[in-house]
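Below is one structure; the comments refer to it alone.
FYI, it's all coordinate maths here, none of it is from the lab. In this text, all values refer to a predicted model and were calculated from it rather than measured experimentally. Every residue, glycine as well, gets a Cβ built from its backbone with ideal geometry; the counts of neighbours run over all protein chains shown.
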Amino acid sequence: MFGAWKYAGLALLAAVPVGCQRAEANRGAQVAAKVNGAEILVRQVNTAGGATGAQALEKIIDRELLAQKALAAGLDRDPAVAQAIDHARRQVLAQAWIERAAGAAAKPSAEEIRAFYHENEALFARRRIYRLQELVVSSPAGMLEVLRAEAGRASSLEQVAAWLRARSAEFREVAVTQPAEQLPLRYLPQLARMKAGDMAVLPSPLGASVVQLVHAQEAPLTEQQAAPLIEQFLEGRKRLETAAAEVRRLREVASIEYMGEFRTGK
Amino acid sequence: MKTLVAIVFALCALPAAASDSFYSSLHAAAPQPSMYSFVDVYQLTVSGAALNNLPALTLNDAPIRVAVAVPAVEPEAAFAIAGVAEPRGWLLLSGLALALWVARRRLGHSF
């Protein structure tokens, strides 16, 4: 008799979370509004995004009204619309598969986090906040070496500026204070080695930048402080790598035929 | 912990930080991956923005395999060239006669 009560109790306990899940699912399946008889579910409102649920619902109602009109006018049979619908559907499917593949990525280990911390001293252990004076020079790529040579001879940024002025070069002076993580990664190793007063000439999208380090304030992050950021970053990177590997794998096993003008060079 | 909060704040406040500065000048062409800062890379990676562009990002380094060599489709003839008739003897004779007439006319006039 006691055994029967025990099993009944266990069954009741097991039913509680299932019941909660069902309640959650039911809430999502509840109807938020009906537009000319077409139901809009709470789930749709929740996934639509927006400042508030009410605003999101109004947007969905507007969209539903327009969609109903388009269907009544037979626009879904228009070749251009049909093609766009198919394109959107495939885009959603592709994204869903990528997300699933990326979800299989392993979490970064403590060793990986530690290694990343030590490999990127300029960002963490030897992080600095850089106060820089800069001359942003609009120049062709060939001028970079000339500018480097001139900066090497000059004792101050003002001398370089005077040299540029004498040659009617187009440039502007700016001052900036930025922490290491906001500077271009490719320049960070060089900037990390610089001492106050040092100058460097770096290529930039505009041409070149002559940078002088005015002051660098030490602002290191301990491994413990940096670990949550590094973990998130490495996790995201693993997801990307896994997803990219999935795309590569699919291409390797697929039969892809390039036609017409797209065959050239393949 | 204060520093961690500061760095997280800095990461979140990136768009507002972009001004007329070393950072902004170098990032004038921010879409260039070569100019990304750690904040850029971090945001793209963690937010999943890079994941959304994955097929495009991996397009260049993915191996390309042409499975079947498809023969080029022969274009259909759009028009036909009609056969040209062989020149006949009378055409040659009339040509010679015309040449003689021109020569005689020219010799008859002094320019």
Highest GNM mean-square fluctuation, chain A, Cα pairs closer than 10 Å: which of A:ALA84, A:ALA208, A:ALA33?
A:ALA33
Classify region A:128-218: rounded, prolate or oblate, from the alpha-carbon gyration tensor (a ≥ b ≥ c, eigenvalue square roots; a/c under 1.5 rounded; otherwise prolate if a/b is larger than b/c)?
prolate
Within the P(r) computed for chain A, what percentage of the Cα pairs occupies the region above 29 Å?
67
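Quick check on region A:152-266: take the gyration tensor over C-alpha atoms, sort the square-rooted eigenvalues as a ≥ b ≥ c, and tell me if it's rounded (a/c under 1.5), prolate or oblate. Can you show the working numbers first?
On the way: a/c = 4.57, a/b = 1.55, b/c = 2.95.
Note, shape of region A:152-266 comes out oblate.
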Just need the relative contact order of region A:128-218 here, percent rounded to a whole number, with Cα pairs under 8 Å and 6+ apart.
52
When chain A is treated as a GNM, springs tying every alpha-carbon pair under 10 Å, which of A:PHE171, A:PHE233, A:PHE124 comes out with the largest mean-square fluctuation?
A:PHE171
Below 8 Å between Cα atoms, with a sequence gap of 6+, how large is the relative contact order for chain A in percent?
21
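Considering Cα pairs under 8 angstrom that are at least six residues apart, work out the relative contact order of region A:92-175 and quote it in whole percent.
That works out to 32 percent.
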Using θ = phi - 60° and the Karplus relation 6.51 cos²θ - 1.76 cosθ + 1.60, list the HN-Hα couplings for region A:87-102 in order, rounded to whole Hz, with x at every Gly or Pro.
4, 5, 4, 5, 4, 5, 5, 4, 5, 4, 5, 4, 4, 5, 5, 5
For region A:18-152, with only Lys/Arg (+1) and Asp/Glu (-1) charged at the beta-carbon, what is the dipole magnitude about the Cα centre, in debye rounded to 20?
420
Radius of gyration and Dmax for region A:66-204's Cα atoms, expressed in Å?
26.5, 76
Applying a 10 Å radius around every beta-carbon, put A:172-185, A:63-76 in order of their mean neighbour count, most first.
A:172-185, A:63-76
Karplus-derived 3J(HN,Hα), 6.51/-1.76/1.60, for each residue of region A:238-249, Hz, glycine and proline x
5, 4, 4, 4, 5, 5, 5, 5, 5, 5, 4, 4
Checked region A:201-266 against the a/c 1.5 cut and the a/b vs b/c comparison, axes a ≥ b ≥ c from its Cα gyration tensor; verdict oblate
Counting other Cβ atoms within 10 Å, which trypsin sites (Lys or Arg not before Pro) in region A:231-262 have at most 13 and lie in a DSSP loop?
none
To the nearest whole number, what is the average tally of beta carbon atoms from other chains within 10 Å of the beta carbons of peptide A:232-244?
5
